[in-house]
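Just so it is clear, none of the values below were taken in a lab; they were calculated from the coordinates. Quick caveat, the model's predicted, so the values are computed rather than measured. Here Cβ is always computed from backbone atoms with ideal geometry, including for glycine, and neighbour counts include all displayed protein chains.
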Amino acid sequence: MTKNQKNKIAIVGAGYVGLITGACFAEWGNEVICIDKDKDKIEKLKKGISPIYEPGLAEILQKNIRQGRLFFGQDLGQAVKKSEIIFICVGTPSARGGKVDISFIKEAAQEIARNMAISKIIVTKSTVPLGTARNLVAKIISETWKGSFELASNPEFLREGTAVFDFLNPDRVVIGTDSQNVKRILLNLYQKVKCPKIITTPENAEMIKYAANAFLAMKVSFINEIANLCEGVKADVKEIVRGIGLDKRIGSQFFKAGLGWGGSCFPKDVKGFYQLSKDNGYNFRLLRATIEVNNEQKKRIIEKIKNLFPGQKLGNKTIGVLGLAFKGNTDDIRESPAIEITKKLQKLGANIKVYDPKAMPNAQKALPKIKFAKTPYEVAEDADLLVIATEWEEFKKLNWKKIKNLLKKPIIVDGRNLLNPIKMKKLGFYYIGVGRNI
Ligand code: UGA
């Protein structure tokens with residue numbers, strides 16, 4: 001193995017991907033500066049305060065700031081001048097009609113170009129449409145900077161909630177570049193991770209990222225459809241997953257049936273990929289179905305709740321909702337099915353109380369006129385039913401006997417199949433899961 005050479009790295013955009021990438025590169029001994037336009041965020045980060053809840057992140061931020069390897073700032077020009085490798089990690093949100101908005105990528109490329117004085121390696125880590133690195137970023141830079149530079153696409157596969165672990169222990173690293181020099185430098189940068197490294201073209205790297213997220217979303221939509229079918233034929237989705245998951249060609253991961261997928265990535269990436277296919281003259285039917293199934297999944301739980309009170313309006317019902325984050329272990333509420341369902345129930349006139357271990361501060365704006373409780377027990381008190389909308393481990397460990405006594409009616413709609421239906425029934429609950437028939 002070659003000696004691990006340390007690099008000077010600039011990260012443009014201190015969002016989820018940028019922040020974790022920067023902190024982990026510093027953890028490997030590189031000198032890293034993370035740049036973001038958000039002044040408050042940068043001030044917090046300089047003090048070692050993480051702007052997001054992400055297990056393990058605060059610790060590596062503080063350690064690497066203290067040891068003089070990790071810096072934060074707003075001056076992209078200075079960061080470009082001081083660095084050898086520049087990672088573009090800005091957001092690529094959904095634009096109108098599901099297209100991908102690449103305006104932040106363009107801005108970053110322009111700003112980088114204006115500050116180039118010698119050759120640099122510019123790497124896109126944001127999820128971007130095919131051809132972005134080679135066509136868009138390269139073109140923008142060469143319009144302003146007439147010297148040489150090198151490019152790569154290095155997509156990221158970390159998940160929120162386990163982001164630091166995922167970055168440090170990836171299943172693979174994908175490096176899309178035509179340059180032997182960039183290949184050598186990026187392989188050296190990722191030397192610490194023991195996993196297959198895929199060297200390919202920038203276009204393939206960009207496509208790998210979309211295809212991975214699309215497949216995972218499709219897997220979740222698939223199991224949600226199986227769960228829906230289970231409800232009609234008296235089968236149990238967890239048993240089906242046990243049975244099919246042992247087939248190595250299928251695997252058992254990403255087969256948790258529930259309320260549908262959400263978050264800052266799947267919804268925008270699946271829509272973006274579908275649109276991208278259409279723009280290239282291809283109708284990606286599986287992707288369209290994946291999206292449709294997901295939209296329906298969120299409506300099904302509302303129907304289940306309405307069916308609990310036949311002929312009655314939800315206006316005089318109190319519904320307790322446990323969980324607001326788009327999944328467990330994060331405070332992120334972007335495209336959260338839990339938020340969408342809570343809003344729908346509110347629209348139907350129900351009186352709602354909510355609780356989430358981490359996401360309540362982020363949810364305050366999205367859910368005005370809703371009671372935010374201090375504990376799950378406060379949510380349960382005098383409620384006509386309890387909905388589990390996010391799979392927080394801590395909900396499993398609640399005193400369910402106490403909750404049963406607090407509820408007006410002992411009804412649980414477990415939108416995440418978090419609880420054991422047999423135990424719940426033994427405790428006297430009327431339990432409804434997703435595709436559970438036991
Ligand atoms: C996802 C991918 O898993 C990462 O590999 C990728 O890097 C990231 O998007 C990204 O593009 O940045 P993330 O959005 O953090 O990561 O969350 P996931 O754990 O993938 O979950 C996505 C959604 O699917 C959540 O709403 C989750 O509740 C749902 N899900 C996931 C299920 O309903 N069932 C499952 O079995 C798994």
Practice task
Rank ASP414, ASP75, ASP382 by mean-square fluctuation in a GNM of the chain with C-alpha springs under 10 angstrom and give only the top-ranked residue.
Solution key: ASP75
Handout entry: Anchor LYS39: aspartates and glutamates whose Cα lies under 19 Å away (excluding residues fewer than 8 positions away in-chain)
Key = ASP75, GLU107, GLU111
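In this model, which of LYS353/LYS402; LYS37/LYS194; LYS371/LYS401; LYS268/LYS313 are farther than 26 Å apart at the alpha-carbon? Working shown, then result.
On the way: LYS353/LYS402 17 Å; LYS37/LYS194 34 Å; LYS371/LYS401 23 Å; LYS268/LYS313 34 Å.
Going by Cα-Cα distance, LYS37/LYS194; LYS268/LYS313 fall outside the 26 Å limit.
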Exercise for the section: For the chain, build the charge dipole from Cβ charges (+1 Lys, Arg; -1 Asp, Glu) around the Cα centre, then report which of PRO368, TYR53, GLY161 sits farthest towards its positive end. Expected result: PRO368
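Of all DSSP beta bridges in the chain, what percent run antiparallel (nearest 5)? Walk me through the numbers on the way to the answer.
On the way: 2 of 44 bridges.
About 5 percent, rounded to the nearest 5.
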Fill in the blank from the handout: With +1 at each Lys and Arg Cβ and -1 at each Asp and Glu Cβ, the charge dipole magnitude of the chain around its Cα centre, to the nearest 20 debye, comes out at 820
Handout entry: Inter-site label distance for GLU143 and SER94 at 7 Å from Cα along Cβ, in nm
Key = 2.9
Handout entry: Inter-label distance for ALA235 and ILE422, nm, one decimal - labels placed 7 Å from Cα along Cα-to-Cβ
Key = 2.1
Problem - For segment 21-79, projected area of the alpha-carbon convex hull averaged over all directions, nm² - result: 3.7
Problem - Sparse-neighbourhood loop sites, chymotrypsin sites (Phe, Trp or Tyr not before Pro) in segment 344-389 - DSSP loop, at most 11 other Cβ within 10 angstrom - result: none
Exercise for the section: Take the cross-link list LYS81/LYS365; LYS317/LYS425; LYS248/LYS271; LYS304/LYS327; LYS6/LYS125; LYS44/LYS197 and give me the ones stretching past 31 Å between alpha-carbons. Expected result: LYS81/LYS365; LYS44/LYS197
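For segment 4-56, state which GluC sites (Glu not before Pro) are in a DSSP loop and have at most 13 other beta carbons lying within 10 Å of their beta carbon. List each step's numbers first, then the result.
On the way: sites: GLU27, GLU31, GLU43; in loops: none.
Taking segment 4-56 and a limit of 13 other Cβ atoms within 10 Å, no loop GluC sites (Glu not before Pro) are found.
Tell me whether the chain comes out rounded, prolate or oblate; compute the Cα gyration tensor, take square roots of the eigenvalues as a ≥ b ≥ c, and use a/c under 1.5 as the rounded threshold. Spell out each step's value before the answer.
Values: a/c = 2.16, a/b = 1.82, b/c = 1.19.
Since a/c reaches 1.5 and a/b is larger than b/c, the shape of the chain is classed as prolate.
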Problem - Debye, to nearest 20: dipole size of segment 92-200, +1 on Lys, Arg Cβ, -1 on Asp, Glu Cβ - result: 240
Fill in the blank from the handout: Once both label points are put 7 Å beyond Cα along the C-beta direction, the LEU286-GLU107 separation in nm becomes 3.6
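List the trypsin sites (Lys or Arg not before Pro) within segment 352-438 that fall in a DSSP loop (any state other than H, G, I, E or B) and whose Cβ has at most 14 other Cβ atoms within 10 Å. It would help to have the intermediate numbers written out before the result.
Details: sites: LYS353, LYS358, LYS365, LYS369, LYS371, LYS374, LYS396, LYS397, LYS401, LYS402, LYS404, LYS408, ARG416, LYS423, LYS425, LYS426, ARG436; in loops: LYS358, LYS365, LYS369, LYS374, LYS397, LYS408, ARG416, ARG436.
Hits after loop and neighbour filter: LYS365, LYS369, LYS374, LYS397, LYS408.
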Problem - Listed residue (GLY131, ALA109, SER83) projecting farthest to the positive dipole end of segment 8-200, Cβ model - result: SER83
